[in-house]
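Here the structure is laid out as structure tokens; the discussion comes afterwards.
The values are calculated or read from the model by the stated rules, or taken from the named source; none is laboratory data. Computed from a prediction, not measured in an experiment: that's the story for all the values here. Using ideal geometry, Cβ is built from the backbone for each residue, glycine included, and neighbour counts are taken over all protein chains shown. Just the protein is used for accessible areas: all its heavy atoms, side chains included, with ligands, DNA and RNA removed. Shrake-Rupley method; radii C 1.70, N 1.55, O 1.52, S 1.80 Å.
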Amino acid sequence: MDKVLYLAMTGAREAQVAQSVTNQNLANASTTGFKSTLAGSMSVPLAGPGFADARTYAMTADQGADLTQGPLVATGRDLDVAVDGAGWIAVQAPDGTEAYTRAGNLNVDAFGQLTTDNGRPVLGNSGPIAIPPYESIQVGADGTISIRPIGSEASALAVVDRIRLVNPPQADLVRGEDGLMRLAPGTAPGTTQGAGGDH
């Protein structure tokens, strides 16, 4: 009798987990750069002495993220960018390590630092990108950031830095609890590539 109760309990629990995953994916369907979570069900036999073939539990398995590229939307904002094809924008995670995002709605914060919409510093050639005071700013197709400094002529553009764009194999990426992608332990970043501005 207890076998049936345990099986029913685990099945109900995992159905609730699967429903939570679906709810999260739907709630973030219009979030810039969001990648939906993939989850699947599986059965797991209870292991251990005296339990061989006695019980099999239901379990929801994390199958990674759907890394399919979403549609590009033109916004007309100078700091809205999109990665051209496969690849990621390198950012600094809360713990100081390098992480990756596809969310290209960037901002310059009160300290002149280029950040993602949720405040993560965007990385350049040698760390977080600092933007001097400017009258206009643009991001080139290769991720190069140029500004017209305050008081300069319209033709006086200065290159500030270049957004670090990487393209590691999808199989090497894992998603953290903060929604940022990271390289699995023992893997190295992929090649740098371009990004398109004004998306």
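Side notes on the structure shown:
- Reported count of residues in the range 126-163, each being among the acidic types (D, E) and either over 17 Å from V81 (Cβ atoms) or touching a His at 6+ places or on another chain (Cβ under 9 Å) (or both), is 2.
- When residues in the range 137-160 are screened for being open to solvent by less than 40 Å² (accessible area, probe 1.4 Å) and touching a residue at least 40 places away in the same chain (Cβ under 8 Å), 4 of them pass.
- Under the condition of being more than 16 Å from A82 (Cβ to Cβ) and open to solvent by 50 Å² or more (accessible area, probe 1.4 Å), the residues counted in the range 110-125 number 6.
- Within the range 88-129, being outside any strand (DSSP E or B), under 14 Å from the mean Cα position of the chain (by Cα) and of a type in the set (D, E, K, R) holds for R102, D117, R120.
- Against the test of being over 24 Å from the mean Cα position of the chain (by Cα) and more than 14 Å from L106 (Cα to Cα), the options E153, E177 yield a single qualifying residue, E153.
- Scan of the range 161-176 for residues that are of a type in the set (A, V, I, L, M, F, W, C) and in contact (Cβ under 8 Å) with a residue 24 or more places away in the chain, ordered by number: I163, L165, V166, L173, V174
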